[in-house]
Amino acid sequence: MQLNERIFKLKGVVQPYAWGGHSFIPQLLNHNLATDQPSAEYWMGAHPSAPSKILVGNDWVNLNQLIAENPTNTITAAVMSRFGELPYLFKVLDVKDMLSIQVHPTKESAEIGFEEENKAGIPLNAPHRNYKDQNHKPEVMVALSEFWLLHGFKSKNALEEILLDTPELKILLPLFRQDGIKALYQFVMEMSQNDVNNMLEPLVKRAIRLKKEGSIDKSNPGWWAAKLYEENGLTENIDRGIFSIYFFNIVKVNKGDAVFQKAGVPHAYLEGQNIELMANSDNVLRGGLTPKHVDVPELMKHTLFESVVPEIMKGAPGAGGEVIYPCPVPDFGLSKIELSAGAIYNANSFSLEIIIVTEGSVLVNQSMVLKKGETAAILAETEYSLTATGNCTLFKAFVPSI
């Protein structure tokens, strides 16, 4: 396909996952259609399961198809040679209910796991498949609202304190003191479901009571344990992911601040809206808070059993209203651009960039208008300018220069 232009309107894909909200993403995208389906994620990228479309002339064309047909012209030969595709997936998330506890493998582990599951004849769409591709899945998020997540194991002192202060978990204290984080986590993840129920049922009931009384808030793990069950009541088998809520750091992220998730760090999104950027992968090892497949031995192999001090990034100031969030991976980079009325941001894309307007509107090269919720794809090696028509905020996904 002949590409006479360098900048195109882009249309992403809304994913109706059950944990999503019903209003934030439709309002952002100015979708007024009433629907009973949640709008959990808005995908912008070239992932084969849900590729975005770009407007070429009068036709909407799949972005992954366009890249496959024109790799040099769209993402550069260097990026195609290194990654074989657009190496990132850009998203907006609206988290109403807690997501599953997750760990992502390293690139090397993903390649090995993918090959082993292929040799075992496990179909790519099998519910018990761990590795859907050969890629790692580092990810970075920037909060669009007050955002809450679990991120890595607490410090040893904080873990000991939570075990002491939680009557139902106090029995685990000697094991933790003697053998540490890994032994503690492995014990609860391998515990029989009957023992899980016996330990967690009184914990959840007490948490629900405390939450209703208003005596605990979102910084307390009991608040989230209660949220999981307060609406529909206790299930026959209580989710062992509740242990992780007590063992992991509960992190509050304010609007505009960011958190990076590297391979091996267990985490889960709890509540709020964010911008997320990740490597173009679907490899997830789950540890609970989900009805989906949990492979405990595989999870244990790839989890970092070390205390983590969560790093909340403010971003590094760049030129022309840009704030860059440092991401220690070659696959992607993320920045926020805030402009006042009449301000101009000038740039030259290295590879394919995707920009989304979250507040206000801009003129792209004085010819294309992008309003709130609208998105554009800027092909590789393109000079462009963004002119604010009023106060506006954009987020940009890009590939760092190789």
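The values are calculated or read from the model by the stated rules, or taken from the named source; none is laboratory data. Since the structure is predicted, the reported quantities are computational estimates derived from the model, not experimental observations. Note: ideal-geometry Cβ built from the backbone for every residue, glycine included; neighbour counts use all protein chains shown.
Here's the yes/no breakdown for (1) surrounded by fewer than 21 Cβ atoms within 10 Å (Cβ to Cβ); (2) of a type outside the set (A, V, I, L, M):
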site	(1), (2)
Gly45	no, yes
Leu55	yes, no
Asp59	yes, yes
Glu69	yes, yes
Asn73	yes, yes
Glu85	yes, yes
Tyr88	no, yes
Asp94	no, yes
(message) Out of Leu289, Leu277, I need the residue that is crowded, with 21+ Cβ neighbours inside 10 Å, of a type outside the set (Ser, Thr, Tyr), in contact (Cβ under 8 Å) with a residue 12 or more places away in the chain and part of a strand (DSSP E or B). Which one?
(response) Leu277
(request) Among residues belonging to region 146-181 that are among the aromatic types (Phe, Trp, Tyr) and in contact with a helix residue (DSSP H, G or I) (Cβ under 6 Å, 6 or more places away or on another chain), point out the one that is surrounded by the fewest Cβ atoms within 10 Å (Cβ to Cβ). (result) Phe176
(message) For region 348-363: of the residues being free of Cβ contacts under 8 Å to residues at least 40 places away in the same chain and part of a strand (DSSP E or B), which is nearest to Met80 (Cα to Cα)?
(response) Asn348
(message) Suppose we keep only residues that are in a loop (DSSP other than H, G, I, E, B) and charged (D, E, K, R) within region 2-34. Which one would you say is nearest to Gly45 (Cα to Cα)?
(response) Arg6
(request) Inspect region 59-75 for any residue being part of a loop (DSSP other than H, G, I, E, B), touching a residue at least 12 places away in the same chain (Cβ under 8 Å) and in contact with a helix residue (DSSP H, G or I) (Cβ under 8 Å, 6 or more places away or on another chain) and give the result as yes or no. (result) yes
(message) Looking at region 194-205, I want the residues that are of a type outside the set (A, V, I, L, M) and have a partner that is outside any helix (DSSP H, G or I) and buried (at least 19 other Cβ atoms within 10 Å of the Cβ) with Cβ atoms under 8 Å, at least 6 apart or on another chain. Which pairs are those?
(response) Asn197/Ile238; Glu201/Ile238
(message) On the basis of being surrounded by fewer than 17 Cβ atoms within 10 Å (Cβ to Cβ) and either assigned to a strand (DSSP E or B) or modelled with pLDDT of 95 or more (or both), does Val369 make the cut?
(response) yes
(request) For Ala126, indicate whether it is in contact with an Asp or Glu (Cβ under 9 Å, 6 or more places away or on another chain), among the small types (Gly, Ala, Ser) and part of a loop (DSSP other than H, G, I, E, B). (result) yes
(message) With assigned to a helix (DSSP H, G or I) and at pLDDT below 95 as the only criterion, which of Glu117, Glu168, Glu201 stands out?
(response) Glu117
